[in-house]
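Structure, as C-alpha cells:
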Amino acid sequence: MNISVSELIVRYLERLGIDHIFGMPGAHVLPIYDSLHDSGVKSVLVKHEQGAAFMAGGYTRVSQRPSACIATAGPGATNLITGIANAYAERLPVLVITGETSTYIFGRGGLQESSGEGGTIDQGALFASITRYHRLVERTDYLGQVLNQATRALLGREPGPVLLSIPYNVQKEQVDASVLEQIHFPCQPTIRHTTPTSALAELIRAAHAPVIVAGYGCIQAGARETVAAFSERFNVPVTTSLKAKGVVAEGTPLSLGCLGVTSNGNAYRYLVDHADLLVFLGAGFNERTSYLWDAKLLAGKKIAQVDRDAAQLGRVFQPDVAICGDVRAVMEELLAMLEADAMPPKARDLLDGHRAATPPPASGDAAPAEAEPFHLIQAFFSGLARHFPHNALVFDDNIVFAQSYFDVSDRNHYFPNSGISSLGHAIPAAIGARCFAPDSPTFAILGDGGFQMCCMEMMTAVNYGIPLNVVVINNGTLSLIRKNQFQLYGERYIDCDFANPDFGLLAQSFGVQHYRIETGADLDALFAHADLTGAINLIEVLLDKHAFPRYLSAR
C-alpha cells in the first residue's frame, strides 16, 4: 500500500511510541502537519521554536522515552538549536523534524532555503555537532535506511538528538508503507562488568568511613531503591550530584545532601574531614560537583567508580577500582555479596559527630529577614518539600538556592537546568514534562531574567489547559552577573540591572493566578489556599538584588 512520506513519518513517530510533538507549523512542514491531523500523535503549538525543543527535552527527562519537535525550514530550524544543544549535552533522545524547500529549487535562493546549495545556509551543518545523526532526505529510495539509522542513533546505548530534514516535495511523494518494516529497534545489550564486583567489596570491607557519591546514572539505571537499601543496611552515607538530588531522601540520617560549589558545604566537609573511601556511582566529577576539582576532596582516599559509560571511567580522576556496568546491577550484586559475608554495618560515630558539629539550618519560618537575606526562598523550598513530599516535578533554572534549601525526597523528581545551562529553559521543559505526567504537581523555578526569555510559553500552558506553577525570583537583576561583578570586578556593574513588568498585570493578561510573596505570611497563604496542582499560577518571590550567595564563581 502506498502512502505519502508525510504519513510515513507520522507512522514512524507512532512506532517510536511518541504521543506528543512540540512545534510550530510553517509552509515547508504543512504536509506532515496535515498527516498529524488524524493521528494519535498530539501536536502542541508553541510560541517559539526554542520552547518546542525544551518541551521535548522536558518530556524525555520525565518519561525516559523518545520525544519529538518540529519546525519549518530556515528560522524555524535555527530557533531550535539551543534546545537541541541542551538535549545533546543531556543525551536525550529527541527526534527533530524540519522542513526544507523543494529539491528542484535547491541553489536558486528559494524562500527560507537552507539546503547548503548555492551559498544558502546549510541546515544540516548547523546541527551536525549537536545531533547523533542528521540527514537531509532528498530521495525516497533510501528512506528505510535513513529511518533505521535514525532509530539506532536515537535509541542506542548512547542516545541523543536526531535531525531529519525533509524537503517539501519529498514529503508529498508516495512510498510503500512496508518501508517501516526496514526499521530495527536496537536491543540494549547486557553490560558485563569489566572488573569483578568482589574488588569493590574488598574496598568497602576495609574502609572505616566509606561514602557513596551518587550521580544521575543512578536515576537512569533505576537504582534509587538499591542504593538506599545498601546505604541503610551498612550505614554508608550518601551524597549526590545536583542532577541526582533525591537518590536517597534528603534530610534523612544517612543523606549528606548535595555535593557542589553552590551547596551548603555539609557533604564537602564530611568528605574532606572523615571519608576514607569514595564510591562514585554514575557520577561525573564536573566543575560544580568537584568544587572546581578541589584536590582535598580526593586526597588520601581510596576511590571506586561504577559507570555504564566506559569513557567516564578515569576521565577526571584515577580510581583504584573501576567497573563498567549497570549501576543497579552492580549494586544489587554488591549488596548480596556483602550480606552473604555478614559484613557488619559501619560505625556511625564519625557521621553522628559530624552532624552534632554542624548547626542545623534555620527553618524558613523562623529565620528573621534581617538575619537571613534568603529567608523567603528558604521558606519556599521548605514549604515545597513539606506540602509535596512525593510525585512533584520541579524544573529549576536557578539551582543555587535549591541545592542548599530544597530537601528532595526519594519520591519526588528534581530537574536542574544542567546540559548547557540555558536561561529560559524551566517553563517549556516543565510544560513538556506535564504532558507526560498530567497528574503530577509541576513547578518551574527561575529568575526574572530567564523568565523574560520564555514567559510567552505560559500561554502554551493556558491554551492546552496544562497546570503549572511558575515561580519567579524577582530581584530586578541578572543575579549571577551582578554577583560576579561584585566579587571579581570591583562592583563595576554593567548590563545586569533592569526593570520588570508588573507581574500581577502580566498574570492577569495571561488569565492565570498571581501570588506575590513578600512575607512568611504570604507563603503560608500560598500553600494553604492556592491550587498548586490543578491551576496555572505565577508566583513572584521577592529578593534583594544586593544579596548574593557566598560561593565564588569560576574565574
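Structure values in brief
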{"read-out": "All positions within region 150-168 that are under 19 Å from GLU100 (Cα atoms), in contact (Cβ under 8 Å) with a residue 60 or more places away in the chain and hydrophobic (A, V, I, L, M, F, W, C)", "value": "VAL162, LEU163, LEU164, ILE166"}
{"read-out": "Check on VAL179, at pLDDT 95 or above, crowded, with 17+ Cβ neighbours inside 10 Å and hydrophobic (A, V, I, L, M, F, W, C)", "value": "no"}
{"read-out": "Criterion (more than 18 Å from SER241 (Cα to Cα) and either touching a Phe, Trp or Tyr at 6+ places or on another chain (Cβ under 9 Å) or not in a loop (DSSP other than H, G, I, E, B) (or both)) met by exactly one of VAL330, VAL306", "value": "VAL330"}
{"read-out": "Total residues in region 268-305, condition modelled with pLDDT of 85 or more, touching a Gly at 6+ places or on another chain (Cβ under 8 Å) and surrounded by fewer than 24 Cβ atoms within 10 Å (Cβ to Cβ)", "value": "1"}
{"read-out": "Pairs with Cβ under 6 Å, 6+ apart, first in region 1-19 and surrounded by 16 or more Cβ atoms within 10 Å (Cβ to Cβ), second of a type in the set (Asp, Glu) and modelled with pLDDT of 95 or more", "value": "VAL5/GLU173"}
{"read-out": "Helices (runs of 4 or more DSSP H) wholly inside region 415-467 that include at least 1 residues being free of Cβ contacts under 8 Å to residues at least 24 places away in the same chain and under 14 Å from ASN537 (Cα atoms)", "value": "none"}
{"read-out": "Residue match in region 539-551 (condition: under 27 Å from LEU80 (Cα atoms), at pLDDT 95 or above and among the β-branched types (Val, Ile, Thr))", "value": "no"}
{"read-out": "Candidate set: region 49-88, residues that are β-branched (Val, Ile, Thr) and farther than 25 Å from ARG15 by Cβ; chosen: the one surrounded by the fewest Cβ atoms within 10 Å (Cβ to Cβ)", "value": "ILE81"}
{"read-out": "Flag if THR72 is β-branched (Val, Ile, Thr) and under 16 Å from the mean Cα position of the chain (by Cα)", "value": "no"}
{"read-out": "Flag if ILE21 is closer than 26 Å to ILE420 by Cβ and not in a loop (DSSP other than H, G, I, E, B)", "value": "yes"}
{"read-out": "Filtered residue count, region 441-473, keeping only those that are closer than 19 Å to PHE406 by Cβ and not hydrophobic (A, V, I, L, M, F, W, C)", "value": "5"}
{"read-out": "Top-ranked residue of region 483-539 - restricted to ones that are surrounded by 17 or more Cβ atoms within 10 Å (Cβ to Cβ) and free of Cβ contacts under 8 Å to residues at least 12 places away in the same chain, ranked as farthest from the chain's Cα centre (by Cα)", "value": "ASP522"}
{"read-out": "Residue selected from region 243-267 under the condition at pLDDT 90 or above and among the small types (Gly, Ala, Ser), by the criterion nearest to ALA392 (Cα to Cα)", "value": "GLY246"}
{"read-out": "Residue pairs meeting the criteria (Cβ under 8 Å; at least 6 apart or on separate chains; first within 16 Å of LEU351 (Cβ to Cβ), in region 257-268; second of a type in the set (Val, Ile, Thr) and crowded, with 21+ Cβ neighbours inside 10 Å)", "value": "GLY257/THR239; GLY257/THR240; LEU259/VAL213; LEU259/THR239; LEU259/THR240; LEU259/THR289; ALA267/THR239"}
{"read-out": "Only one of ALA433, ALA437 that is surrounded by fewer than 23 Cβ atoms within 10 Å (Cβ to Cβ) and within 18 Å of SER67 (Cβ to Cβ)", "value": "ALA437"}
{"read-out": "Hits in region 112-136 - residues which are in contact with a strand residue (DSSP E or B) (Cβ under 9 Å, 6 or more places away or on another chain) and farther than 29 Å from GLY419 by Cα", "value": "GLN112, GLU113"}
{"read-out": "Residues located in region 385-406, provided they are among the polar types (S, T, N, Q), buried (at least 20 other Cβ atoms within 10 Å of the Cβ) and either out of contact with any strand residue (DSSP E or B) (no Cβ under 6 Å at 6 or more places or on another chain) or within 15 Å of SER440 (Cβ to Cβ) (or both)", "value": "SER404"}
{"read-out": "Meets criteria (under 31 Å from the mean Cα position of the chain (by Cα), farther than 21 Å from VAL248 by Cβ and at pLDDT 90 or above) for ALA379", "value": "yes"}
{"read-out": "Region 340-354, residues that are part of a helix (DSSP H, G or I) and either free of Cβ contacts under 8 Å to residues at least 24 places away in the same chain or touching a His at 6+ places or on another chain (Cβ under 6 Å) (or both)", "value": "ALA340, ASP349, LEU350, ASP352, GLY353"}
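Every residue, every condition in (1) in a loop (DSSP other than H, G, I, E, B); (2) touching a helix residue (DSSP H, G or I) at 6+ places or on another chain (Cβ under 6 Å), yes or no:
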{"residue": "ARG233", "(1), (2)": "no, no"}
{"residue": "THR239", "(1), (2)": "no, yes"}
{"residue": "GLU250", "(1), (2)": "yes, no"}
{"residue": "VAL261", "(1), (2)": "yes, no"}
{"residue": "ASN264", "(1), (2)": "yes, yes"}
{"residue": "ARG269", "(1), (2)": "no, no"}
{"residue": "TRP293", "(1), (2)": "yes, no"}
{"residue": "GLY300", "(1), (2)": "yes, no"}
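The values are calculated or read from the model by the stated rules, or taken from the named source; none is laboratory data. The structure presented is a predicted model; accordingly, all values stated were derived computationally and were not measured. Note that each Cβ is placed from the backbone with ideal geometry, even for glycine, and that neighbours are counted across all protein chains shown.
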